[in-house]
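The values are calculated or read from the model by the stated rules, or taken from the named source; none is laboratory data. Here the structure is a predicted model, which is why all the values come from computation and not from measurement. Cβ atoms come from the backbone with ideal geometry, glycine included; neighbour counts cover every protein chain shown.
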Amino acid sequence: MLQTECRSLNIRGKALLPIVQGGMGVGISAHRLAGSVARQDALGTISSVDLRRHHADLMAQTGKSRDKELIDRANLIALDREIKAARVLAEGKGMIAVNIMRAVAEYAAYVRQSCESGADAVVVGAGLPLDLPELTADHPQVALIPILSDVRGISLVLKKWMRKNRLPDAIVIENPRHAAGHLGASRLEDVNDPHFAFSVVIEGTLELFRQLGIERERIPLIAAGGVNSHDTVRELFAMGAAAIQLGTAFAVTAEGDAQPAFKKVLAQAKPEDIVTFMSVAGLPARAVRTPWLANYLDKEAKLQKKAGQKPCTVGFDCLQQCGLRDGIGKAGQFCIDTQLAFALNGDIKRGLFFRGSEPLPFGSEIRSVVELIRYLLSGVRPPLPEPSAA
């Protein structure tokens, strides 16, 4: 375990390092990354989306199938395996969370499986998880952590949950201006809105706690999006954040579950390579402009104009609402599962590579989970790698 004099993140009576590894799919944060982070006494997160792709036997059964029930069942088996493997790797330290998008069709099934398989926490973003207390009622020991982006969303969740005699065990405040993947704004033009600024949302949330009679320490606030240095961490702590969450910086660590080519795309991306666009989920998203994405964006307006209902191209209807399948002209017009699966396998030409907007803590270097956490909490950078022999 890393030794630090830094504050602790306290969730359900457990003291953790104030570092949360964000959930990244398809398959980018699976058991190896989540378990490695938890082993350092931090909070590691498995992304629940389409985890069968990490299991050759499950892909042999479902890779060419269009049977929704078969694919859904395989993904629940994979989720169970990943949670248990992460717990073994963590050696009883830290916490293992599962990130579940509210926007996916099997949201409720993923929540139940996560609890049954021994996850310490369930983290839900991409929508308001108003029903999460009911879904987890049989597992009161599991921490519930919503991902929200503004005070209005936080207020809605708190008031709804309070009527059910439940409070979040922590809240991730994700700033859409900097975050990767699906963003907590409803429109592209809202992504940079000042009301999403950490200073505004943290201050407003603490005032909301006061109005609702919630003790400030009862619900830790976890700041996510654009965190890439020890100085940024200190600034967020000074604002009132109890911890910080990072996605992209953990995705490119040596322990990250993706292929080396995936990590290279994220680590070597320049600011001008990173673009924000509309996902098929109907939310803005941020990724690296790889050949597939550049080609898609060139055709996006034409594809949106021609949008019309059609069968799911992969047969298991992964999203509750899909712009391609449902013919929603304002949303993206591509199969997100297919493109993210290409990225997981390191297919640079065809993959969709989600990434945050800010430079990474170690630039283009691939470093370890331990080195990343140590730098964020202490400001101590690891020594430069030895030059290779000529």
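Just to be sure before I move on: is Val233 in contact (Cβ under 8 Å) with a residue 24 or more places away in the chain, in contact with a strand residue (DSSP E or B) (Cβ under 6 Å, 6 or more places away or on another chain) and assigned to a helix (DSSP H, G or I) in the structure I sent? Reasoning before the result, please.
On the way: in contact (Cβ under 8 Å) with a residue 24 or more places away in the chain: yes; in contact with a strand residue (DSSP E or B) (Cβ under 6 Å, 6 or more places away or on another chain): yes; assigned to a helix (DSSP H, G or I): yes.
Here the answer is yes, as Val233 does meet what is asked.
Scanning segment 123-171 for residues that are in contact (Cβ under 8 Å) with a residue 40 or more places away in the chain and either farther than 27 Å from Asn192 by Cβ or not assigned by TED's automatic domain parsing to the domain that holds Arg187 (or both) yields Gln141, Ala143, Lys159, Met162, Leu167, Asp169. The condition (being within 30 Å of Lys84 (Cβ to Cβ), at pLDDT below 95 and either out of contact with any helix residue (DSSP H, G or I) (no Cβ under 9 Å at 6 or more places or on another chain) or not charged (D, E, K, R) (or both)) is satisfied by just one residue among Ala143, Ala121, Ala105: Ala105.
Mind listing whichever residues of segment 265-295 are of a type in the set (Lys, Arg) and surrounded by fewer than 16 Cβ atoms within 10 Å (Cβ to Cβ)?
Filtering segment 265-295 down to residues of a type in the set (Lys, Arg) leaves 270, 286, 289.
Listed by number, the list holds a single entry, Lys270.
Scanning segment 210-230 for residues that are in a helix (DSSP H, G or I) and either within 18 Å of Leu9 (Cα to Cα) or under 24 Å from the mean Cα position of the chain (by Cα) (or both) yields Arg216, Glu217, Arg218, His230. Report yes if some residue within segment 217-225 is of a type in the set (A, V, I, L, M, F, W, C) and touching a Phe, Trp or Tyr at 6+ places or on another chain (Cβ under 6 Å); otherwise report no. Yes; the residues of segment 217-225 include at least one that is of a type in the set (A, V, I, L, M, F, W, C) and touching a Phe, Trp or Tyr at 6+ places or on another chain (Cβ under 6 Å).
Determine if segment 105-117 includes at least one residue that is free of Cβ contacts under 8 Å to residues at least 12 places away in the same chain, surrounded by fewer than 18 Cβ atoms within 10 Å (Cβ to Cβ), more than 16 Å from the chain's Cα centre (by Cα) and part of a helix (DSSP H, G or I).
Going through segment 105-117, the residues free of Cβ contacts under 8 Å to residues at least 12 places away in the same chain turn out to be none.
No, the conditions are met nowhere in segment 105-117.
Scanning segment 128-177 for residues that are out of contact with any Gly (no Cβ under 7 Å at 6 or more places or on another chain), within 25 Å of Pro284 (Cβ to Cβ) and β-branched (Val, Ile, Thr) yields Ile145, Ile154, Val157, Ile171, Val172, Ile173.
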